[in-house]
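S.K.: Handing you this structure, nothing more for now.
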Amino acid sequence: MQWVIWALLFGINVLTLLHFDTFLQSVGYSVIMISSYMVIIYGNAAWLIPVFYMRQRKRLYALLVLILLGTVAFYRAGASWWFYNTFYAPKPQDFPLASVFSTLVSSVLIYFTSVLFYIALRYFHLQKQQQVLERKQVESELNLLKAQVQPHFLFNSLNNIYFYAQRESPVTAAMLEKLSQIMRYFVDEAPKDLIQLQTELSFINNYIELEKTRMRYPLTVSVKEIGNTAAIQLPPMLIIPLVENVFKHGIDKRKEDNFIDLSIEDKEHYLVVTVRNRIAEPGSNEKSGKGLMNLRNRMDLLYGDKGNLQIGQGKSSDFTAILTIPI
């Protein structure tokens, strides 16, 4: 579409100049004029505005706009002067300095056109993004409806198994109950934008209890809530990667002194989550933490610079992860 518009402008300009010049002269002057327009429009809309103005470097942007307009004005006047002197002037003409200023005025008008052009491009880009998001939302809702059939079937099956396990093996029944609650969390709570902190902690507790059954020695678990945390809401599954990382990389099943300290503090509009555990092997928590890397990416998408995740070795052989969530 842009090429068609430029071709139409070029043709209109050639036809206008034919009243005063020959065909080749009209074509030559039109090439110079249209190319100068293109430099201003694309230079401003595709480079100066996105790189400088939109990044709050407005003084530098204004300076570069002036340089661009002045350079284009000299180019247009100089190219027209050279074209005329080289092919059509009976004798060499002096450089028309006055035409630089008149060209500069028209360049300013083209500059405002480039601003409108940038706004139009942004509008169409946002429209396209909105259409993509709407299509993805429809697909996600359809996939969710399809996926809901299998969990409900599984819940019914677990309930039946739980009924028989309760008579034969109460421990197995308790494990099945916690597994059922975890799956219920994935179906009912995980798709939501925000959930209650207590719901998240209940899910984490069930996860820890199931993991403890796989361990040879008892695991010491400490969960502390500091401040008024009862009404706090947060996106689902933000804290669980820290706990999951402990079981993947911070537990030595051969030792009896494994522990998890989970501290959750309401601190001046931030929820500070601290998870501390003993390091099973030097560097084991950090080198293979794919879950922690995914957590960082999710925090960046949700909160930008306001959220934070700090990980590292604390005192002695302890590993500490501190997650700061705006609330």
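S.K.: Quick one: helix 2-17 against the long Cα principal axis of the chain, what's the angle to the nearest 10°, folded into 0 to 90?
M.R.: Tilt relative to the chain: about 10 degrees.
S.K.: Something else now. Of A280, P191, Y88, which is farthest towards the positive pole of the chain's charge dipole, taken about the Cα centre with +1 and -1 on the beta-carbons of Lys, Arg and Asp, Glu respectively?
M.R.: Y88
S.K.: Tell me, how many Å apart are the Cα centres for region 50-90 and for region 174-243?
M.R.: The two parts, judged by their Cα centres, are 62 Å apart.
S.K.: Taking amide hydrogens as modeled 1.01 Å from N in the peptide plane, which residues meet the under 5 Å criterion relative to I195, leaving out close sequence neighbours?
M.R.: L234
S.K.: Residues with amide H under 5 Å of I260's amide H, sequence separation 5 or more or different chain, H placed in the peptide plane at 1.01 Å from N; which?
M.R.: Amide H neighbours of I260, under 5 Å, 5+ apart: T220, V221, S222.
S.K.: Given +1 on the Cβ of Lys and Arg, -1 on the Cβ of Asp and Glu, and no further charges, what dipole in debye does the chain carry about its Cα centre, rounded to the nearest 20?
M.R.: 580
S.K.: Can you list the HN-Hα couplings for region 103-114, worked out from phi with the Karplus curve (6.51, -1.76, 1.60; θ = phi - 60°), rounded to whole Hz and with x for Gly and Pro?
M.R.: Per residue, the Karplus-derived 3J(HN,Hα) values read 5, 5, 5, 5, 5, 5, 4, 5, 4, 5, 5, 5 Hz.
S.K.: While we're on this one: Mind running the shape call on region 2-145? Use the C-alpha gyration tensor, a ≥ b ≥ c as the square roots of the eigenvalues: rounded below 1.5 for a/c, prolate if a/b tops b/c, oblate otherwise.
M.R.: Verdict is oblate for region 2-145.
S.K.: Could you give each residue of region 82-91 its phi-based ³J(HN,Hα) in whole Hz, using Karplus coefficients 6.51, -1.76, 1.60 with θ = phi - 60°, and x for Gly or Pro?
M.R.: Going residue by residue, I get 5, 4, 5, 5, 6, 10, 10, 7, x, 8 Hz, with x marking Gly and Pro.
S.K.: How high is the relative contact order of the chain, in percent, counting Cα pairs under 8 Å that sit 6 or more residues apart?
M.R.: 10
S.K.: Another question, then. Taking H as built 1.01 Å from N, whose amide H comes closer than 5 Å to the amide H of N308, not counting residues under 5 places away?
M.R.: T324
S.K.: Of the listed values (i) 41, 19, 18; (ii) 32, 24, 18; (iii) 69, 25, 16, grab the one calculated as semi-axes √(5λ) of the Cα gyration tensor in Å from the structure here.
M.R.: (iii)
S.K.: Could you line up W3, W82 from fewest to most neighbouring Cβ atoms inside 10 Å? Walk me through the numbers on the way to the answer.
M.R.: Numbers: W3 7, W82 12.
Lowest count first: W3, W82.
S.K.: Which ³J(HN,Hα) values, rounded to whole Hz and listed in residue order, are derived for region 307-312 from phi using the Karplus coefficients 6.51, -1.76 and 1.60 in 6.51 cos²θ - 1.76 cosθ + 1.60 with θ = phi - 60°, glycine and proline given as x?
M.R.: Result, rounded to whole Hz: x, 7, 9, 10, 10, x.
S.K.: Taking the chain as the reference, fit the longest principal axis to its C-alpha atoms, fit the long axis of helix 240-249 to the helix C-alpha atoms, and give the angle between the two in degrees, 0 to 90, nearest 10.
M.R.: 70
S.K.: If neighbour count is taken as other Cβ atoms inside 10 Å, put T324, T103 in order from fewest to most.
M.R.: If I rank by nearby Cβ atoms, fewest first, I get T324, T103.
S.K.: Per residue of the chain, what 222 nm ellipticity follows from adding -39500 (n - 2.57) for every DSSP H run with n ≥ 4, rounded to the nearest 500?
M.R.: Helix contribution divided over all residues of the chain: -21000 deg cm²/dmol.
Quick note: the coordinates plus some simple rules give every number you see, no bench work behind them. Owing to the predicted nature of the structure, the values given are computational and were not obtained by experimental measurement. When we count neighbours, we look across all protein chains shown, and the Cβ atoms used for this are built from the backbone with ideal geometry, even at glycine.
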